[in-house]
Amino acid sequence: MDSQPQRLLLVEDDAELGAQVVADLKRAGYEVDWQTRGTAQHEDLGRIYALVILDLMLPGVHGLDMLKQLRARSDVPVLVLSARNETLDKVRALKLGADDYMTKPFWPDELLERVRARLRRPTLARDGRLDVGRLSLDLGARKLWLDGREIDVTRVEFAMLSMLAKRPGEAISRAALAAEALDPERDGTERTLDVHVSRLRRKLDGGDMIATVWGIGYRLEATKAP
Amino acid sequence: MSAPGQRARLRPSLRLRGRLAITGLALALPAMAAVVWGRHQYQWRSAQGTLLEVARARVAEGGRAICDGQVREWPPAPGEMSLRHAGGGATFGRLIAYDRDGKPLDGDGPPLVPELENAAREGRDGVVAMGDFGGRPVVQALLRAPWSDAKCTYLAFVRPRPAELPHDPWPVAPLGGAFVVVGLFLAALGPVVRRIRRLTLGVRRSAAGAYLVPVAVEGRDEIAELATAFNGAAAEVRAQVEAQEHREQVLRNFLANTTHDVAIPLTVLQGRLAAMRRAQQAGTPVEGDLITHAIEDAHHLGALIHNLGAAAKLEAGEPEISRLPVELAGVVRRCVARHQPLAELLGVDLQAALPERALHATGDVTLLEEAIGNVVYNAIHYNARGGHVAVVLDPLPSGRFSITIADDGPGLSPGEAEHLFERAFRGDAARSRKPQGRGLGLDIAKRVADVHRMTLTPESPAEGGLRMVLEGAISEPEASDTREARGALAS
Ligand SMILES: Nc1ncnc2c1ncn2[C@@H]1O[C@H](COP(=O)(O)OP(=O)(O)OP(=O)(O)O)[C@@H](O)[C@H]1O
Ligand SMILES: [Mg+2]
């Protein structure tokens with residue numbers, strides 16, 4: 001991540017809630033601009049902000065109108081806050097190009113997590129290469145490196161790992177992994193998956209890198225390289 | 001009822017009769033006139049023929065003498081003419097001689113009527129006209145004298161006008177008849193007008209009574225149809241009013257329930273906050289449990305408010321419930337994100353798994369989030385520290401999807417599954433471990449599933465805990481896809 005803190009725009013008319021959200025975001029390491037009225041949008045906010053948090057019921061320009069104008073000029077992610085819990089508000093916001101919405105009331109942690117999720121960079125798969133934490137995968141050549149050292153893995157192990165690495169930090173169900181990696185004729189069924197995973201873990205430094213997710217399957221931890 | 005009301009009620013029917021009278025006359029008069037005029041024309045034609053025949057016979061008999069002035073047919077004293085003088089029967093009448101300009105040869109003779117004088121100057125023969133002869137109505141026929149050497153050029157045959165051939169073709173009697181017919185027609189209209197009046201009265205009464213009393217339908221004609229149509233319209237109005245009243249009742253109940261349901265957990269929360277303040281003032285550390293419970297209370301209050309909103313929407317029924325494409329991964333993500341802070345607080349591991357491709361269902365995104373949220377909330381709420389909750393969205397074969405919410409909490413005691421979805425049902429686990437629920441969550445979840453034609457099924461796995469499975473149909477989203485759907489896997 002850049003050393004420069006990311007800048008966010010909060011548009012929220014309630015003084016107490018706004019102050020609280022600003023404080024939470026600042027504590028999490030973001031820079032925040034806060035405006036308490038809806039305003040007409042004439043410039044590309046994406047050049048200034050990494051994300052916009054937009055309340056809908058605003059004095060001045062209504063949140064949905066602001067969203068529409070903003071979208072006409074910019075691709076900046078927008079997270080909508082809705083207090084009315086009205087289906088049509090939400091549907092309209094998504095149609096107008098909001099990335100997601102949150103319904104009040106919410107816990108500060110929920111907001112922070114949603115902001116982080118929106119700002120998380122998608123894993124880059126340039127020229128068939130995936131870099132996740134300490135791991136590098138060459139999807140075309142089916143090669144794997146751990147901290148730059150090449151690791152020898154089987155076809156099934158590589159297929160599992162690449163599926164996990166495409167969505168780091170997300171749980172992938174055993175059924176999905178089995179469908180992707182196992183050939184039912186040669187490799188057996190879902191039950192043999194655990195055997196493959198434990199072998200792969202051993203090869204990856206005994207690794208807590210692949211976490212077991214209760215009731216679902218596995219997840220590749222999206223930790224940074226040390 | 002008031003006098004102005006009475007007058008207002010009478011005026012329209014009088015207007016109706018007046019209009020019918022005018023219409024009747026407007027139609028009857030020209031028709032009568034046409035008949036009278038046609039009859040007159042016919043009679044006149046045949047009378048002309050007869051007259052000319054008689055006239056020619058008389059000219060042949062003794063016309064020459066008259067023409068030459070040998071016989072003076074014209075009486076000496078003008079105005080004292082007796083038409084019967086020259087004979088009776090069909091042939092009575094007199095011949096009088098005229099010159100080429102239509103002037104009497106005998107200077108004192110009666111002049112031709114202007115029409116015949118013109119005909120004479122034009123040299124015509126056998127022209128018939130009506131006129132006055134010494135104040136008496138007559139018909140005259142003008143004939144050319146058939147002799148070239150005679151003194152006169154014309155002979156006119158004059159006789160009294162026959163009674164059936166009045167000079168004025170517009171007699172009063174037939175016109176009076178027309179008025180009588182129209183009058184009778186209007187009188188016959190009386191009962192109809194009275195029925196319309198009764199109908200008007202019925203409509204007013206029905207309107208005054210909120211359209212509860214229908215108007216009476218008499219007979220099977222157009223007026224009866226009008227009454228039936230009114231009853232239909234009244235039923236429509238009544239249905240709309242009832243729907244409106246129902247919505248208002250739902251709103252009133254909602255407000256009453258909200259106040260009651262929110263007041264209790266809020267009081268509990270106030271108690272906890274007061275206890276925290278007491279501890280702080282006494283300088284003793286605030287118990288960790290107290291804060292955890294307070295946070296739980298607050299979360300529960302938020303869920304309760306949303307549930308009451310959902311209940312009101314379900315109660316109000318179909319028009320309030322959206323039927324729009326809903327991106328399911330987004331729904332699951334938001335439900336999990338909403339409950340993650342609570343799960344962390346309670347030491348429960350909450351995880352979700354979403355498929356790679358976007359799945360859509362049709363429905364109301366708020367209700368679906370509420371339903372799934374309630375089940376997720378229960379799975380965390382009734383679990384123990386160190387427990388797990390997994391939420392998995394899967395496409396199923398044959399165009400369906402499933403959202404499974406599994407936990408490793410206490411599960412259901414035998415016999416509890418049947419009552420799970422009843423409002424106000426609270427199981428053993430709930431009563432002993434979490435006293436503050438109201439048994440509203442699953443009732444709403446189930447009803448949301450029902451209105452979406454989805455199924456919500458509890459399963460008790462052998463290894464313990466509870467699995468709740470929501471299943472429904474996948475629908476194709478509309479072409480104008482949202483960013484949310486495109487970016488379903490971006491986070
Ligand atoms: N995951 C679960 N594990 C064990 N028991 C459960 C679970 N989910 C629901 N129950 C039982 O079902 C009952 C009804 O649940 P429901 O969500 O309808 O009401 P509640 O949680 O008691 O109250 P509310 O949701 O209105 O706050 C609960 O009281 C509990 O006994
Ligand atoms: Mg509940």
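The values are calculated or read from the model by the stated rules, or taken from the named source; none is laboratory data. Source: prediction; values computed, not measured. As a convention, Cβ positions derive from the backbone with ideal geometry for all residues, glycine included, and neighbour counts pool all protein chains shown. To get the accessible areas, we keep the full protein, side chains included, count just its heavy atoms, and leave off ligands, DNA and RNA. Shrake-Rupley method; radii C 1.70, N 1.55, O 1.52, S 1.80 Å.
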Note on chain B: helices (DSSP H) long enough, at least 18 Å by alpha carbon along their axis, and hydrophobic enough, mean Kyte-Doolittle at least -1.0, are B:3-67, B:172-208, B:222-282, B:288-316, B:328-346, B:365-381
Amide H within-cut-off set for A:Tyr218, under 5 Å, with H built and near neighbours excluded: A:Ile172, A:Arg174, A:Val213
Using the crude model of +1 on Lys and Arg Cβ and -1 on Asp and Glu Cβ, and no other charge, please compute the dipole size for region A:7-120 relative to its Cα centre, in debye to 20. 340
When all protein chains stay in place, what accessible area (Å², nearest 10, 1.4 Å probe) is found for B:Thr23? 70
Per chain B, cysteines lacking a partner by the 4.7 Å Cβ criterion: B:Cys335
I want to verify a result. In a Gaussian network model of chain A, Cα cutoff 10 Å, which of these has the top mean-square fluctuation: A:Val156, A:Val80, A:Val52? A:Val156
A:Ile48/A:Ala211 FRET efficiency (R0 35 Å; Cβ-Cβ; nearest 0.05): 0.40
What is the distance in Å between the Cα centroid of region A:1-77 and that of region B:279-358? 25
Please work out the Cα center distance from region B:234-253 to region A:179-198, rounded to the nearest Å. 60
Packing-based order for B:440-452, B:345-357, using average beta carbon neighbours within 10 Å, highest first: B:440-452, B:345-357
Under a 10 Å cutoff between Cα atoms, tell me which one of A:Pro77, A:Pro108, A:Pro184 has the largest fluctuation in the Gaussian network model of chain A. A:Pro184
Which sequence of B:Arg195, B:Arg17 reflects their accessible areas, 1.4 Å probe, from the largest down? B:Arg17, B:Arg195
Which residues' amide hydrogens lie under 5 Å from the amide hydrogen of B:Ser402, considering only partners 5 or more residues apart or on another chain, with H built in the peptide plane? B:Asp394, B:Leu396
Probe 1.4 Å, all chains present, heavy atoms only: B:Asp125 accessible area in Å², nearest 10, is 80
Per residue, how much accessible area does chain B have with a 1.4 Å probe, in Å²? 53
Could you sort the residues of region B:288-333 by number and keep only those whose accessible area is reduced by 40 Å² or more in the all-protein-chain setting relative to the chain alone, 1.4 Å probe? B:His306, B:Leu324
What residues qualify as long-range amide H neighbours of A:Lys143, i.e. H under 5 Å apart, gap of 5 or more or another chain, H built at 1.01 Å from N? A:Asp138
Considering only protein heavy atoms and a 1.4 Å probe, what is the carbon-and-sulfur percentage of the accessible area of the protein assembly as shown? 55
Rounded to the nearest 100 Å², what's the accessible area chains B and A bury against each other, both chains counted, probe 1.4 Å? 3100
Using a 1.4 angstrom probe, figure out how much accessible area region A:129-220 has per residue, in square angstrom, rounded to the nearest whole. 48
Loop-resident sites, region A:1-44, for GluC sites (Glu not before Pro), counting at most 15 other Cβ within 10 Å (DSSP): A:Glu43
